[in-house]
Amino acid sequence: MDSAYLSAIAALAGSTIGGLTSLTATWVTQRVQFSAQQRARERSSRQQLYQDFIDEASRLYGDAYAHDQTEVSNLVNLYALISKMRVQSSAAVIESADTVARTIIETYLSRNKTFRDLTEILDDEAMNPLRHFSSACRKELQESQ
């Protein structure tokens, strides 16, 4: 074989290998970036979901202390948020959210509380039903990083 052909084939092979290496590196970089962006979107979505749940549960829990009944339709949004969590959250978060919802319903069924009544139960865990939920959410979000 002529050395000119050998040189030309070596140049083409080197060019092809270099191009494929560049293409592969670009593809891998784009894939990693896409995955990171997707995880960030999912994390942000869960954070917003948890924030909405905490806002709604806090509103209903405060209302439950002052009232002994509510319209069932007021609880629909809370259960809709829990259902959304069932799609994308861990079992610990869902279990904590269910516990919060049960606590709110039980609070509606109990007698109304006055501000003086609240001072007696300030250190009671029942006063802050969202503590375990918040902890479970924080743990899940830290693990998803």
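General remarks:
- Of all the residues in region 50-59, those that are free of Cβ contacts under 8 Å to residues at least 40 places away in the same chain and closer than 14 Å to residue 79 by Cβ number 2.
- The residue that is modelled with the highest pLDDT, among those in region 31-50 that are exposed (fewer than 12 other Cβ atoms within 10 Å of the Cβ) and within 17 Å of residue 81 (Cβ to Cβ), is 48.
- Checking 74, 112 one by one, the residue that is part of a helix (DSSP H, G or I) and out of contact with any Pro (no Cβ under 8 Å at 6 or more places or on another chain) is 74 and no other.
- Test result for residue 15, within 30 Å of residue 96 (Cβ to Cβ) and either out of contact with any helix residue (DSSP H, G or I) (no Cβ under 7 Å at 6 or more places or on another chain) or surrounded by 10 or more Cβ atoms within 10 Å (Cβ to Cβ) (or both): no
- Residues being over 30 Å from residue 132 (Cβ atoms) and aromatic (Phe, Trp, Tyr) - total across region 11-70: 2
The values are calculated or read from the model by the stated rules, or taken from the named source; none is laboratory data. From a predicted model like this one, the values you see are computed outputs, not experimental measurements. As a convention, Cβ positions derive from the backbone with ideal geometry for all residues, glycine included, and neighbour counts pool all protein chains shown.
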